Structures are given as structure tokens and as C-alpha cells.
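Below is one structure; the comments refer to it alone.
Every number in this text was worked out from the coordinates using simple rules, so none of it is lab data. Computed from a predicted model, the values in this text were never measured in an experiment. Backbone-built Cβ (ideal geometry, glycine too); neighbour counts: all protein chains shown.
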Amino acid sequence: MIDDIRYPAQMDTRCADPGLQLDVDLMVLEYTLFRAVEAHLDALCGGRCQHDYEDDDDKAIYGPQQRMLVIFDSFLNVFNHHHPCYEQSAEFNYRLQVLEFLVLLLYRRTQIIVTERSSANSSGGFNRTMSDLKDRRRWLARRERDSRVGIHEGSTAAGENEQARAWDLEQRIYSTWDATRPPHAPSASPPTALPPSPSLLSPLLPRFMAISASFVDVVRQRPDDFWMDVACEFMLQASLESLRLRSRGGGSIECLPRLEDCFAWGYLGDLDTSLNGEGDAHPASYDNHDHEETAEEETEAFNNLFRSTPGECPRNIEHPSWTQLRLDTLQEFSVVGGDSSTAAASQTRRLERLVEKYPRAEFQHRLALLLRAMWEFSCREHLLGKPVLVEIEEGHVKSRGLEGAEFDKFAARVGLTCGVGG
């Protein structure tokens, strides 16, 4: 079916029934979006981006996923031209979020893509990165305030002591990295310029969390252990990338997240009081379709990622598994203190060991598998399902109750007998 979709310049502008144009255009748009996501997942999970060899650049750029992306983007422009006032559904926007993330993940190390697009997108990407950093730092401020006032109602004395111990440990690790940086490059060699933001992993972390929050809202289930494990390594990999780039020095390092920024993800309690007063903060909204959520709704969406389940705890607190795994991951950055030169050397050795212990390629593959699992789960019939045109390709329209002989009659009636379902 996909071969029948034409580029805008080739598209027939006739419409047999203008009253049906919106429905037809919407079906095509949903189909091309779905297939674009599938193509990018195939590329990621198929191993084409599990390493950083330059020979793979052409495959990443000109493979089937790029063709599907061009088709979707072209038809999206056509759709918006014909239906400028149409507001897309939450399901469509979720799938668009997924596609945007996959595109950035797949091409983040493809320098040709960066070179061609960075001039047009650098300003918007920079603004978004800085907005994300501000949100993370507001989250840290609120978390600090919550730790001081002890808003975890119903916590036992032992529980409060454990929270205090974990908080103190976090602060010691952060302060070690904030107080000292590895030595800058010699003055004879100017600091290495930072890569353009599309090639960095750290700006993708907030997008990943946003997609995960949307996924939880769709499936009405808490994330599993695999998600927690990948999410924690995502924070670790983003931290490794940022800390290594910061070690190069230069004026642009303030655009990079600190260690605490990368780990600023978790449950925030008592939103009624946390959202009032100075320093109000809420996760950045990633909905680019004029759908504005309140600060409470956005924060609640992120909280659902990290909230304990009712069966495990009678009150709303952070999921104990997330609390522990996040702290364990953060402790990978524990280093020996001392004077500035000793601390800097210890940091450098620690980063080198972590790079070897956590290969980036293996993480990217696990991330791709997680995204594939989340996507397939969300496409189940009782959740988002699949677009009608995708169902027709598969030889049924279960969403309309057409299967087996009934579908065969329908296919014959509309001229789809050949090439359907195969």
C-alpha cells in the first residue's frame, strides 16, 4: 500500500466526495505516521545504529526509515494545508512524540544530518535544552525543600532517617563533581568545541521521560523493572556524556547538564503545596500541538512514572524500586575526595571506568528494545490499536468488526482482493 502514496507534487487533487476528504486524509496521515515509527524501530532494533562506524551513515540517512519519514512529513504538510483548524487526537500526538524521539535517537551521531539541519534548528534546540535544564533545576529545588520540611505524611521515623541518609549521600556525590573539574586542555590547544545539540544524548533524556509518562497514561500501568533499569542507565549515559564534555572546558559547558540535572527524576510529593509559591516548577510540556496542560497535570503525569503502587504502599510515595535503583546508579559516580588535583584525577579515572563498564552501543540496543516493546504494547487492540489502513494491509479491520469472510467480502467490494493480508 505504501507505494501508492505519492508526494504532494504528484498527488491527485480531485476528491469524489469533499465531505469525506477529512476522513480519508486522516486515515492516510495516521497510516504514514504509524509506518514511519515502525520503520525507525526496525532500523534501531535491527542493529544499524548499535555502533558508531562512519560506514553506517548512509544506511541511517537513506534507508527505508528516511523514505517513510519524508512521506509522512510531506503528507503532514498537505494535511495541515487542507485542514488548518483540525486538532489532532491525544493518540496521534503520542505517536508523533515517539517518532520525533526515534528520529533524534537514530540520527544523533550522523554528522551529515547535523550539518544539514543544525543551522535551521540550532536556535530552537538550544532554547529547548535550556528550558529542560531550568525544569530539572526547579525539580531539584523542590526536592530539596521537600526533604527539609518532611512532607512525606505517614512516614515512619526509620523511613525518614533512611530518606535523610540517601539525600545526604546524593549531595556529597554532587558536590564532589561540582567542586572540581578535570584539568582543561593545555593553553596551546583551544578547548574542543561542543558537538551540535542534535548529536548529543543528554537532550533526549527529558523526551524519553515524557514519552514514558504518556505511555503510562495510555496503558494505565506502572513501568516495569526493565523500564526502570533502562531509564537509570539513560541517566548514567547522559551524565557520562555531559561530564566528559565539561572536562574539555570552554564557554559552552554551561549549556550541558550537571550530574544532578541528569538524575533529577523522581516522585514529588504533596503537589498542592509544592506547586505554590516561589520556585514553581513543572516538567516541560512536549506537546507541540497547542494543547496546554496545567502545571499540576504535567507534574502528575511524571509522578505516575515513579509513584508506588497501591498494593505496595497505602500512600503516595516514590516507588521503592526506583528510589533504590536510582541511588545505586548515582553511586557509580562516587569518587575519592581530596585536593583539587587529586579529585580531578579520581574523576577522570572514574569516567574512563564507567565508559568501559557501560558500553554505549549496548545501552542503545536495550533502549531500542524497550521502545519497541512499549510501542507494540500500546498498539494492542484494547489500547490505541492500529490505523485502519494498517489493519486492511494485515487482512482485517478488527476495529470495525470485520474479520475472516466478512473482511473478504469487504475487500472484494472495494477492490482490495489482491495483495491484502499478504
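Here the extension length gained between ARG67 and LEU383 equals 111.0 nm, from 0.36 nm per residue of separation less the Cα-Cα distance. Gyration tensor over the Cα atoms of region 209-254: the corresponding equivalent ellipsoid has semi-axes (square roots of 5 times the eigenvalues, largest first) of 32, 12, 4 Å. Residues whose amide H lies under 5 Å from that of ARG307, counting only those 5 or more places away or on a different chain, are HIS319; hydrogens are built 1.01 Å from N in the peptide plane. Put in order of Cβ neighbour count within 10 Å, fewest first, the listed residues LYS134, LYS386, LYS357 become LYS357, LYS134, LYS386.
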